[in-house]
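Let me begin by presenting the structure, written as structure tokens, before commenting on it.
The values are calculated or read from the model by the stated rules, or taken from the named source; none is laboratory data. Because the structure is a prediction, the values reported are computed rather than measured. Methodologically, a virtual Cβ is constructed for each residue, glycine included, from the backbone with ideal geometry; neighbour enumeration extends over all protein chains shown.
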Amino acid sequence: MTETLASIVRALVAPGKGILAADESSGTIKKRFDSIGLPSTEGNRRDYREMFFGAAEAMKNHVSGVILYDETIRQEARDGTTLVDLMKAAGSIPGIKVDTGAKPLAGPTSKIETVTEGLDGLRERLAEYYTLGARFAKWRAVITIAEGCPSYNCLNANAQALARYAALCQEANIVPIVEPEVLMDGPHSAHDIDKCYEVTEWTLKEVFQQLYYANVDLTGIVLKPNMIIAGQKAAKQASPHEVAEQTLKCLKATVPPAVPGIAFLSGGQSDEAATEHLSLMNAMGPHPWALTFSYGRALQAAALKTWGGKSENVAAARRAFAHRAKMNGLAAQGKWTGALEKAA
Ligand code: 13P
């Protein structure tokens, strides 16, 4: 059976399922391992990822796809099975991070703003990733709210790069996850929910404009946005209902209904907040697009802590992961409640 972009997207945003973002770069995974006092060796990184991908029930029931890092897509589990085959056996689609990171954007805001790189040679890299099993990809643009930022130069450069990446992915029969992330941990104390709304709306307008110019087929992408949320340093935090309402309002103003699915990043929200916000939004449906999760930290944090780098903790860590996956699977259907969270 030939997989079309549309059929891959459909599978990625199937009801009750979402994406596990396990594509931490070498620098980021080191930070995560530092939090449990574990050195970031190739073997430890393999064991950590194997812990998730081998959690068969959670993967089968709630994880439609996994975003991998270049090292991981080539790695083998302890028994010699490739990690890709391990997740495929659980019915999950392999994906790959293809950007090479956010680098300082030359110009007056270079201390704050970045442009995401990775377009050079991308056509050839995508062809190789396809042979390694990847059927979707990810590119993350980073937008920072600060005094005088974002600049139009930053939004335009990042949106153009996202559009060029997305067009190359579709040419390679790989679904692009288009991720423009407006950070919630920027340095600006006046970064409240209204400011997040304003910047996210502008960002998404710019991204969809560039996707149009690049002839990207919107029916063959997944959008991965931030939620509309007050910055972590804001004096006034927004209620969960406000986050849900403002996020939906912003998406309705910017994301064409041709886009089949939106999978949010968690961006530093607590595990439970990320779940609650998603569930509230789905309970306010129906919407023109499927709304689900593509969480990194909010799916992994509890399992990472429980695992602590020890093989004897793998079973308990998998239970912690299975719980979060289940809660987010419910949230993707608008069925999560605080009572269900506590009952487990
Ligand atoms: P978080 O959910 O931890 O924000 O990670 C998602 C992701 O893939 C960021 O690029």
How many residues of the stretch 304-327 are over 21 Å from the mean Cα position of the chain (by Cα), assigned to a helix (DSSP H, G or I) and without any contact (Cβ under 8 Å) to a residue 60 or more places away in the chain? The answer is 6
Given the options LYS236, LYS326, LYS310, LYS252, name the one that is away from the ligand (no atom under 16 Å from the Cβ) and at pLDDT below 95. LYS236
Quick check on VAL178: is it touching a strand residue (DSSP E or B) at 6+ places or on another chain (Cβ under 6 Å), hydrophobic (A, V, I, L, M, F, W, C) and in a helix (DSSP H, G or I)? no
Within the stretch 107-160, track down each residue that is surrounded by 15 or more Cβ atoms within 10 Å (Cβ to Cβ), away from the ligand (no atom under 16 Å from the Cβ) and among the charged types (D, E, K, R). GLU113, ARG125, ARG135
Cβ-Cβ below 7 Å, separation at least six or inter-chain, first residue in the stretch 241-269 and part of a helix (DSSP H, G or I), second surrounded by fewer than 16 Cβ atoms within 10 Å (Cβ to Cβ): which pairs? ALA244/MET284; LEU248/MET284; THR254/LYS205
Looking only at the stretch 183-225, filter to residues that are over 20 Å from LEU291 (Cα atoms) and among the polar types (S, T, N, Q); which one of those is surrounded by the most Cβ atoms within 10 Å (Cβ to Cβ)? GLN210
Single match in ALA106, ALA89 (criterion: at pLDDT 95 or above and under 29 Å from ALA161 (Cα atoms)): ALA106
Can you tell me which residues in the stretch 181-214 are part of a helix (DSSP H, G or I), farther than 25 Å from VAL66 by Cα and within 16 Å of the ligand (Cβ to nearest atom)? CYS196, THR200, THR203
Checked the stretch 270-303 for anything under 22 Å from GLY338 (Cβ atoms), near the ligand (Cβ under 9 Å from one of its atoms) and outside any helix (DSSP H, G or I); matches are PHE293, TYR295
Please determine whether any residue of the stretch 261-277 is in contact with a Gly (Cβ under 6 Å, 6 or more places away or on another chain) and of a type in the set (Ser, Thr, Tyr). no
Among what's in the stretch 259-268 and is closer than 16 Å to ALA332 by Cβ and of a type outside the set (A, V, I, L, M), pick the residue that is surrounded by the fewest Cβ atoms within 10 Å (Cβ to Cβ). PRO260
For residues in the stretch 3-23 being farther than 19 Å from LEU68 by Cα and of a type in the set (D, E, K, R), which is farthest from the ligand (Cβ to nearest atom)? GLU3
Within 16 Å of the ligand (Cβ to nearest atom) and surrounded by fewer than 21 Cβ atoms within 10 Å (Cβ to Cβ) - does that describe any residue in the stretch 161-179? yes
